[in-house]
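The values are calculated or read from the model by the stated rules, or taken from the named source; none is laboratory data. Here the structure is a predicted model, which is why all the values come from computation and not from measurement. Virtual Cβ from ideal backbone geometry, glycine too; neighbours counted across all protein chains shown. For accessibility, only protein heavy atoms count, side chains too; no ligands or nucleic acids. Shrake-Rupley method; radii C 1.70, N 1.55, O 1.52, S 1.80 Å.
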Amino acid sequence: MSVPYEGDSTKKNTHGLTGHNTKGGDGVWGESNPVAGRGVVGISDGGTGVWGDTKSGRAVVGVVRTQGDAVWGETSSGRGVVGACDGDGSGVWGETKSGRAVVGVVHTHGDAVWGETKSGRGVVGVCGGQDQGVWGTSENGDGVHGETNSFTWSAGVSGFAINPQGIGPGLLGRSNGSGPGVFGQGSKDAGVIGFHGDPRLQETTVANDGAKAGVFGASDVGPGILGYASRNSSAAIVAFGGLRSSAMTYPFAGEFFGKVQVNGDLQVEGDIFLPGADCAEHFDFSDAGQIEAGDVVVIDPAGSLERSSTPYDKKVAGVVSGAGKYRPGIVLDKQEAVDRLPVALVGKVYCKVDAQFGPIEVGDLLTSSPTSGHAMKAADPVRSFGAVIGKALGSLTSGQGLVPMLVCLQ
């Protein structure tokens, strides 16, 4: 047909242009080619900008071959674009090479885009360029509204990123104001749920997929993920690990890379596993710059610690933690100061020893020696009382070296 259809109405509640198809086709089809423009445009001062109704097929279809908006609906009050399909098809379908596939604008109140179907897609927007498939704008209401009565994983509004090599999200929410980019509210389930993989497949879970996250959060000025619970009996964040595996290959409910700060009590119902070998505590040192890990240290007259140099010194405090392959598992009273170092209180630690005062064997008690910062075998039981720092877990027949030691001050 050489002359396009034109619709005009001066009567209230009368459509300017109406398209009906009772044989399973498209009710209204608008196409712009080759000049850039809009495939279907509807503007109303009160009512529906574009309305399509079909038994089976596409209620409203707009196709732009070059550049422009495929479907545009605008109204001052009401619905910008409405597509209803009673059968298997799409309520609203917009397709464009460059531009916006579906656009709905409401100036006062109402729904910018409304798509309804018994089986199929309520609203479909396809864009072959870099613009939006579906665009909805509203000054007072929902820009895009979607509903579903399905009991399965069908959604009111769905977004899919289909390029397997792409990095774009399936659904993106942005906010230029003080509100959230994406808001989710649920009456019986979670407000927002994120899955990696298909949640309908039992073998596909976050626990099986390792580091492939269900929900990822990142921020350059605040927390990547923030959880809040209004009730004291509810947790702000709950995590489960290894739900679908009896031999849990990835059993951690939470994993952190970096420092973790807890402002409050920490309650643990279970064991705590630490890779460190000793429990240490920070102490002030009078000569911290000269002290090394593994040194035997004693208490000086000012109450600080210094390197030992007297045999069987009853002022001996222990061994500086961190020598050899052992590191402290817990450090008490830790403060960010240059003149403080950790001293092992309980556990295993590598200690500097000098065997010139007697060979050291496994099980020997160790005490301070005349050699600065070194221990020796405690051979005198009388002088050893109150000066023992631990029990040797290794041996050294001659010279000086590092020997693992079980801390036991006595």
TODO: Give the long-range amide H neighbours of GLY122: residues separated by 5 or more places, or on another chain, with amide H under 5 Å away, using H modelled in the peptide plane at 1.01 Å from N.
DONE: GLY91
Open item on the list: In whole percent, and with a 1.4 Å probe on the protein chains, what portion of the accessible area of the stretch 287-399 is carbon and sulfur?
Closed with: 54
Open item on the list: Output wanted: per-residue J couplings in Hz (rounded whole) for the stretch 271-278, from phi through Karplus 6.51 cos²θ - 1.76 cosθ + 1.60, θ = phi - 60°, x for Gly and Pro.
Closed with: 7, 10, 10, 10, x, x, 9, 9
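Ranked highest first by average number of other Cβ atoms within 10 Å, how do 226-238, 273-285, 68-80 line up? Write out the running numbers ahead of the final one.
Working: 226-238: 8.1, 273-285: 17.8, 68-80: 24.8.
The peptides rank, most packed first, as 68-80, 273-285, 226-238.
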TODO: With a 10 Å radius around each residue's Cβ, average the other Cβ atoms per peptide and rank 334-343, 254-263, highest first.
DONE: 334-343, 254-263
- [ ] Between beta-carbons, use under 12 Å as the cut-off and find the net charge around GLY401, counting Lys and Arg +1, Asp and Glu -1.
- [x] 0
- [ ] State, to one decimal in nm, how far the label point of LEU393 lies from the label point of ALA218, with both points 7 Å from Cα in the Cβ direction.
- [x] 4.2
Open item on the list: Using a 7 Å offset from the Cα along the Cα-to-Cβ direction at both VAL182 and VAL382, what is the distance between the two label points in nm, to one decimal?
Closed with: 7.9
- [ ] Using a 1.4 Å probe and counting only protein heavy atoms, arrange SER175, SER398 so the residue with the most accessible area comes first.
- [x] SER398, SER175
- [ ] Could you list which residues have their amide H under 5 Å from that of TYR326, counting only those 5 or more apart in sequence or on another chain, with H placed in the peptide plane?
- [x] TYR350
- [ ] Calculate, for the stretch 300-410, the solvent-accessible area per residue in square angstrom, rolling a 1.4 angstrom probe over the heavy atoms of the protein chains.
- [x] 49
